[in-house]
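First up is the structure itself, then whatever we jot down about it.
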Amino acid sequence: MTTASERTDAKPAVTVIGLGEMGFALAGAFLDGGHATTVWNRTPDRAVDLVARGAERAASVRDAVAASPLVVVSVKGNATARAVLESAGDALAGRSVLNLTDGTSAEARAVAEWVGDQGAQYLHGQIMTIAPGIGGAESVIFYGGSDAVFGQFKATLQLVGGRGTLISADAGVPALYGMAVHGTMWGALNGFLHAAALLSSEGIETRRFLDDARPSVDALLGFLPVIADEVDRGEYATPYGALQHHRPSVEDLVRESEARNIDAEFPRYTLGLVNKAVQNGHAHDSYSQLVEHFRKK
Ligand SMILES: NC(=O)c1ccc[n+]([C@@H]2O[C@H](COP(=O)([O-])OP(=O)(O)OC[C@H]3O[C@@H](n4cnc5c(N)ncnc54)[C@H](OP(=O)(O)O)[C@@H]3O)[C@@H](O)[C@H]2O)c1
């Protein structure tokens with residue numbers, strides 16, 4: 001009889017270690033996709049519903065790793081991911097490990113190196129959706145690490161996110177991509193929420209503003225490729241929209257915020273960046289020149 005670990009068909013057996021909100025969703029997607037799925041969680045009870053749906057519950061990490069060629073890890077923190085995998089001992093050799101645990105790029109690389117030392121292949125994934133989005137055709141996952149693992153399990157990986165892309169042979173790069181998206185998001189959201197406070201101080205609903213100003217707000221995203229090209233080239237000179245033209249508008253925003261007694265720290269920070277760049281001779285440069293400020297420690 002063929003055991004789950006020996007299956008080499010189009011639906012290889014999968015092990016999921018860690019059944020928190022995310023791991024539970026991942027295991028569910030593999031089960032729904034028809035894969036033999038083995039699960040392990042520190043708190044065993046979290047596997048009950050998955051077992052009812054057809055999953056095998058392993059008694060130990062070692063058994064879980066031994067059960068499948070593809071071992072998916074989703075726990076809190078890469079130190080935990082490493083510690084859990086360590087308890088598999090020599091069962092790791094020959095396995096493909098897909099670590100979907102968030103952390104820094106250095107942490108991901110350290111786990112990758114250690115897994116490689118155990119004779120296993122490694123792929124790191126940065127999930128860009130919340131758990132209910134797992135399995136969605138539009139759900140994005142950035143992968144970095146073994147090209148061979150990505151290729152071998154491509155159809156299986158599609159089950160968790162339809163828009164999974166191998167972006168690098170380096171296991172640390174997906175974390176950077178994730179942070180770059182989130183950093184952009186938080187910056188934009190801070191600006192938007194400050195704007196919402198400004199508007200509500202006048203009794204204007206944020207939604208009404210968005211409906212009226214939608215073309216202007218949407219145009220921001222369309223502007224990003226221009227900014228990206230300037231940053232990549234390191235050439236910032238521009239005939240239009242130079243920092244000297246941004247400055248009075250940012251000053252207005254600061255003064256308006258102060259006059260309305262709403263927090264002005266965020267626009268004041270922006271004004272500080274613009275002032276510094278102008279003082280350093282970049283009045284005629286594009287806003288993208290500010291990347292040089294962030295590049296310096
Ligand atoms: N939830 C999301 O929507 C989402 C979205 C994107 C990315 N992620 C990432 O996915 C990963 C898992 O997140 P989650 O939301 O599933 O977290 P969670 O619901 O808090 O679950 C945490 C998991 O880690 C396990 N764990 C924690 N400490 C452990 C230890 N010392 N030894 C063994 N297992 C341990 C927990 O086991 P117990 O059950 O025994 O506590 C549980 O399985 C994280 O890196 C998170 O950033 C999550």
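Remark: residue 137 falls outside the filter, which requires a residue to be of a type in the set (A, V, I, L, M, F, W, C), surrounded by 15 or more Cβ atoms within 10 Å (Cβ to Cβ) and away from the ligand (no atom under 12 Å from the Cβ).
Filter the stretch 14-38 for residues that are without any contact (Cβ under 8 Å) to a residue 60 or more places away in the chain and either of a type in the set (A, V, I, L, M) or not assigned by TED's automatic domain parsing to the domain that holds residue 131 (or both); which is nearest to the ligand (Cβ to nearest atom)? Top of the filtered list is 19.
Inspection of the stretch 276-295 identifies at least one residue that is in contact with a Lys or Arg (Cβ under 8 Å, 6 or more places away or on another chain), more than 20 Å from residue 188 (Cα to Cα) and assigned to a helix (DSSP H, G or I). Exactly one residue among 196, 175, 180, 188 is buried (at least 20 other Cβ atoms within 10 Å of the Cβ), outside the structural domain of residue 104 (by TED's automatic domain parsing) and under 30 Å from residue 223 (Cα atoms), and that residue is 175.
Conditions (1) among the aromatic types (Phe, Trp, Tyr); (2) in contact with a His (Cβ under 9 Å, 6 or more places away or on another chain), marked per residue:
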{"residue": "18", "(1), (2)": "no, no"}
{"residue": "21", "(1), (2)": "no, no"}
{"residue": "24", "(1), (2)": "yes, no"}
{"residue": "34", "(1), (2)": "no, no"}
{"residue": "41", "(1), (2)": "no, no"}
{"residue": "68", "(1), (2)": "no, yes"}
{"residue": "72", "(1), (2)": "no, no"}
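Scanning the stretch 126-149 for residues that are of a type outside the set (Ser, Thr, Tyr) and touching a Ser or Thr at 6+ places or on another chain (Cβ under 9 Å) returns 127, 128, 133, 136, 138, 140, 141, 142, 144, 145, 148, 149. Taking the criterion of being in contact with a helix residue (DSSP H, G or I) (Cβ under 7 Å, 6 or more places away or on another chain), more than 8 Å from the ligand (Cβ to nearest atom) and not small (Gly, Ala, Ser), the residues of the stretch 57-77 that qualify are 57, 61, 62, 65, 69, 70, 71, 72, 73. So, in the stretch 258-269, how many residues would count as being part of a helix (DSSP H, G or I), out of contact with any Leu (no Cβ under 8 Å at 6 or more places or on another chain) and touching a residue at least 12 places away in the same chain (Cβ under 8 Å)? Qualifying residue count, the stretch 258-269: 2.
For the list (1) within 14 Å of the ligand (Cβ to nearest atom); (2) more than 18 Å from residue 141 (Cα to Cα), I need the number of the one condition that residue 91 fails. Every listed condition holds for residue 91 apart from (1). Residues that are over 25 Å from the mean Cα position of the chain (by Cα), at pLDDT 95 or above, closer than 20 Å to residue 32 by Cβ and within 11 Å of the ligand (Cβ to nearest atom) do not occur anywhere in the stretch 100-117. Being among the basic types (Lys, Arg), assigned by TED's automatic domain parsing to the domain that holds residue 27 and farther than 19 Å from residue 18 by Cβ is the requirement here; does residue 163 meet it? It is true that residue 163 is among the basic types (Lys, Arg), assigned by TED's automatic domain parsing to the domain that holds residue 27 and farther than 19 Å from residue 18 by Cβ.
The values are calculated or read from the model by the stated rules, or taken from the named source; none is laboratory data. Nothing here was measured: the structure is a model prediction, and the numbers come from that model. No Cβ is skipped: glycine too gets one built from the backbone with ideal geometry, and neighbour counts run over all protein chains shown.
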